[in-house]
Amino acid sequence: MAEYLASIFGTEKDKVNCSFYFKIGVCRHGDRCSRLHNKPTFSQTIVLLNLYRNPQNTAQTADGSHCHVSDVEVQEHYDSFFEEVFTELQEKYGEIEEMNVCDNLGDHLVGNVYVKFRREEDGERAVAELNNRWFNGQAVHGELSPVTDFRESCCRQYEMGECTRGGFCNFMHLRPISQNLQRQLYGRGPRHRSPPRFHTGHHPRERNHRCSPDHRHGRF
């Protein structure tokens, strides 16, 4: 019996533990889920909830109408965000094996940033410190995640351009970075960077900006 329970743990056959939480680290039902969310006490992976904001989804003018943001501008904005977060976290907490950002629209997945460190203790320290900081005018909410193999978390149909559920799919739609940035971040050691844009212990001052991608994500 014990062997059978172990074999179905975290799968759809498991009637006790939530398979979605086990695979993607979050669940659309949240605390109302009828199955258990076994939150890890140690993990290489952390998740920063709802951290990335796609400017195509959030860009608005003062009168409430939406701004048009091109795909090129969105990619530049995303690459800038990704590089900033990756570089800051790696230089402050430890080597990163993998970082992924969700482009889903569901509340439990939208903008989630998953960071897999090489060492578990680096992830633990990152969560403890990041939960005292601010980004984009909101408090950072980070927690340890059970996700270690993103192949089990990703929507394969999305990767092939065939997902019919769109942004509200319950599996991760991971937004890719440009190839140049991929080589830069994963192919080099420590890099020179601009001053960090995390804020600690207080809410950053709000400012009015024009509608442009460079002004729509916050500063660490």
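Computed from the coordinates by the stated procedures, all read-outs in this text should not be read as laboratory data. Just so you know, these numbers come straight off a predicted model, no measurement behind them. As a convention, Cβ positions derive from the backbone with ideal geometry for all residues, glycine included, and neighbour counts pool all protein chains shown.
For every other residue with a beta carbon closer than 13 angstrom to the beta carbon of SER145, add +1 if it is Lys or Arg and -1 if Asp or Glu, then tell me the sum. Before the final figure, lay out each step's value.
Numbers: positive: LYS23, LYS39, LYS116; negative: GLU98, GLU120, GLU124, GLU143, ASP149, GLU152.
Value of the local net charge: -3.
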- Message: Give me a comma-separated list of calculated 3J(HN,Hα) values for region 153-166, in order, Karplus coefficients 6.51, -1.76, 1.60 applied at θ = phi - 60°, integers in Hz, x for any Gly or Pro.
- Response: 9, 7, 7, 5, 5, 5, 5, 9, x, 10, 6, 8, 8, x
- Task: Take the alpha-carbon centre of region 82-106, take the same for region 136-168, and report the distance between them in whole Å.
- Result: 13
- Gain in length, SER178 to GLU76, computed as 0.36 nm per residue apart minus the alpha-carbon separation, to one decimal in nm? 35.8 nm
